[in-house]
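The values are calculated or read from the model by the stated rules, or taken from the named source; none is laboratory data. All of these numbers come straight from a predicted model, not from anything done at the bench. Cβ sites come from the backbone with ideal geometry, for glycine too, and all protein chains shown count toward neighbours.
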Amino acid sequence: MTIICGDMEYQVHKAIVCPRSKYFDAMFSHGMQEKDTSRVDLSDHNPFAVNALIKFLYELDYEASHTTATQLKDTELHSALELESEPYVAPMSTRHKKKHFRKEKWAAKYPSEAPLSAPLTGESLSAAPAPQGETNLLDHCNVYALAEYCQIIELKVLAASKFRSEAEKHWMHPDFFEAIQAVYRTSARNDRLLRDIVVDILHGHKELLDRYEYQEIISQLDVSFELLMKLHQREEWVQNPATDEVIGTCLESTVNDLHDAINAASAAFPLWRAQSGRTRGRNLRRLGDLITENKVDIGRIITAENGKARADAEGEALFSASFFEWFSEEAPRSHGDIVPHMNPQGRIQILKQPIGVCGLITPWNFPMAMGARKIAAALAAGCTVVLKSDGLTPFSSNVLGVLGEMAGIPKGVLNIVTALDNTPKLGLALCESTSVQKISFTGSTRVGKLLMKQSSSALKKLSLELGGNAPFIVFDDADLEIAVSSAIISKYKVSGQTCVCANRFYVHDGIYQRFSQRLVEEVKKFKVGNGSIEAVTHGPLTTSVAKVEEHVKDALRKNAKLLLGGHRLPELGSRFFEPTILGDVDDTMAVMHNETFGPLAALARFNNEEEVIGRANSTEVGLASYLMTADLSRSIRVSERLECGMVALNTGVISDPAAP
């Protein structure tokens, strides 16, 4: 409304200038013009009413800094609020002196039909009992509103801090009930400071929500669904797998949260796709640079929640950055093609356009890199994304969101939700959403099949990187040292917890003995322990200790030889297992048919090319293969016959940003 004081007019909300007394309500009613209730003329009144909040600053022990006082003094509002004769309010020139005012004197000089503890608006929406003692909750709301109007951030933050402190002490007091009304009726929807404090208090004292008056007022006020959902969200503990220590908590996202993220991505899509490829590329390049600049801190986060050794964790950070670097350069090259038409006079023009909102689902084993790979490609193409990160490792994914904002990626383009127990519900909602045009998933074959089935009704495009059972083939002409070093990288990186890692080792009988001996020698050099310790090379297992142990026992029962390891390491913790090598393994053993996902290398012998190709292809999955040979013609011949998506030749490294 417009407040008129003499020759001055200024815009201000009624709640800012109206203290908690029906006397002041009456004054405002008297000042309202008949035809325009948005204008209040207080020229005939002592200005102390509009100065009430200035008085509250002193009465509530606000120690305003010189800067704050100067800011307030320089505003138009202050010139209208200054008193000329009221003895109980200090002029601005002396605000640096803390001055107290007695409410008894104030009430005696300006009597009211209601006590000063009456509700802000002079009306009550609850059946709460009469106040027991006084609080300053509503006064702090008023100060906050004044600071918001005057754009004095320092005072606004101070008022919010005092409001939180008061609310934490007096959450049972009826004034807190009134404060909820004041906060939601006088603050803008996007002004979350006081609103979030209210939600935090209600979240910590959910017994209030069982009371009828709270249920009624929450249903009446503009309490957004987003905030209401927080009241019922569950926090998941995030543990360090090396110590089982809780390193933090993360809210479990709900289906409603996911829908909010999808809506945000849908709203942002038209503007993002309209950006040039070079503009999008600059954002991606900046994000990659920020990851590189913060690789040490990111490495600590990855190690803390995933357990991998520091060197591997920092390596993952750099690997993540490489995707943004690569796709920042690919973004400007998303052009189409022109091909001949069967009619010589015609041409066929092919345009590549962003598909829309992409739903991305990533695993815990590479919590940042898998998200980076999917996000970078989608954003470069002009798509917006909703990333569902794994609830075991949420913080690494959240880093991408924080750094993405710093890199200038617009709001709504990159959205992240996290869930553990709610993962099946969120997966189903992503698949069934008509706003999501594509699903990209990295994880188990079982879940991949489920997502494909759930997406069928919406005819979504899917990109699935599923479980692996990669063969590692060593021919007798292979370079022994290259073969051993490649085996160590492909099998024991991140303690064997990768989809593309070697699982079945087929070693030619002519080189088997030498290969197994050298492999044992190198693996003995590993140091297992807490990944945060610099000398440690291999950390704990996140989920698969029991599975590794069962595969070892099964193989030994069937006459495999234990060449190294084979046991848990309880002295280190519940999730540690020795780097293990089994020899003379045959195809009847579980380790040859099921992905182990742990530090277990199973060595089997073979005699000829046809035999090993047949055994290597005898699996339901075909993600990756490794081939060690010095014969060029054999490398081409065998690679083409291996039924898998990727073949690494004389190397243990198979992943690269440029690989499709």
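List of remarks:
- Unique match (being out of contact with any Gly (no Cβ under 8 Å at 6 or more places or on another chain), crowded, with 20+ Cβ neighbours inside 10 Å and without any contact (Cβ under 8 Å) to a residue 60 or more places away in the chain) among Val484, Val528: Val484
- Test for Val647: is it touching a strand residue (DSSP E or B) at 6+ places or on another chain (Cβ under 8 Å), over 24 Å from Leu564 (Cα atoms) and not in a helix (DSSP H, G or I): yes
- Within segment 515-540, the residues that satisfy the criterion of being acidic (Asp, Glu) and in a helix (DSSP H, G or I) are Glu521, Glu522.
- Any hit, segment 589-599, residues being assigned to a loop (DSSP other than H, G, I, E, B), closer than 22 Å to Val484 by Cα, among the polar types (S, T, N, Q) and touching a residue at least 12 places away in the same chain (Cβ under 8 Å): yes
- Test: Ala182 is over 24 Å from Leu251 (Cβ atoms), among the aliphatic types (A, V, I, L, M), modelled with pLDDT of 70 or more and in a helix (DSSP H, G or I): yes
- Lone qualifier among Lys374, Lys438, Lys388 - being closer than 18 Å to Leu251 by Cβ, modelled with pLDDT of 95 or more and among the charged types (D, E, K, R): Lys388
- If you go through segment 614-641 and pick out every residue that is more than 39 Å from the chain's Cα centre (by Cα) and buried (at least 20 other Cβ atoms within 10 Å of the Cβ), you end up with 4.
- Scanning segment 432-450 for residues that are aliphatic (A, V, I, L, M) and surrounded by fewer than 22 Cβ atoms within 10 Å (Cβ to Cβ), we see that the one that is nearest to the chain's Cα centre (by Cα) is Val447.
- Test: residue in segment 197-219 that is among the β-branched types (Val, Ile, Thr), over 20 Å from Glu166 (Cβ atoms) and modelled with pLDDT under 75: yes
- From the list Ser485, Ser463, the lone residue that is among the hydroxyl-bearing types (Ser, Thr, Tyr) and not in a helix (DSSP H, G or I) is Ser463.
- Scope segment 583-597; condition buried (at least 19 other Cβ atoms within 10 Å of the Cβ) and small (Gly, Ala, Ser); matching residues: Gly583
- Exactly one residue among Asp476, Asp509 is without any contact (Cβ under 8 Å) to a residue 40 or more places away in the chain, on the phi < 0 side of the Ramachandran plot and not hydrophobic (A, V, I, L, M, F, W, C), and that residue is Asp476.
- For beta carbons closer than 7 Å, sequence separation of 6+ or different chains, a first residue in segment 191-205 that is assigned to a loop (DSSP other than H, G, I, E, B) and a second that is crowded, with 20+ Cβ neighbours inside 10 Å, the qualifying pairs are Asp191/Glu148.
- Filter result for Lys493 (part of a helix (DSSP H, G or I) and of a type outside the set (S, T, N, Q)): yes
- Residue that is buried (at least 18 other Cβ atoms within 10 Å of the Cβ), more than 28 Å from Ala304 (Cβ to Cβ) and outside the structural domain of Glu314 (by TED's automatic domain parsing), where the choices are His538, His508: His508
- Any hit, segment 522-534, residues being closer than 25 Å to Thr445 by Cα and modelled with pLDDT of 95 or more: no
Residue-wise test of (1) farther than 28 Å from Ile355 by Cα; (2) crowded, with 22+ Cβ neighbours inside 10 Å.
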residue: Pro424; (1), (2): no, no
residue: Lys461; (1), (2): no, no
residue: Asp477; (1), (2): yes, no
residue: Leu480; (1), (2): yes, no
residue: Tyr492; (1), (2): yes, yes
residue: Gln513; (1), (2): yes, no
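- Looking across segment 328-368, the residues that are more than 17 Å from Leu426 (Cβ to Cβ) and crowded, with 22+ Cβ neighbours inside 10 Å come down to Ser328, Ala331, Asn365, Phe366, Met368.
- Residues being part of a loop (DSSP other than H, G, I, E, B) and either assigned by TED's automatic domain parsing to the domain that holds Gly288 or β-branched (Val, Ile, Thr) (or both) are entirely absent from segment 370-379.
- Residue in segment 526-535 that is of a type in the set (Asp, Glu), more than 15 Å from Asp584 (Cβ to Cβ) and either under 35 Å from the mean Cα position of the chain (by Cα) or not assigned by TED's automatic domain parsing to the domain that holds Phe606 (or both) present: yes
- Selection within segment 541-582: residues that are small (Gly, Ala, Ser) and in a helix (DSSP H, G or I). The member of this set that is surrounded by the fewest Cβ atoms within 10 Å (Cβ to Cβ) is Ala546.
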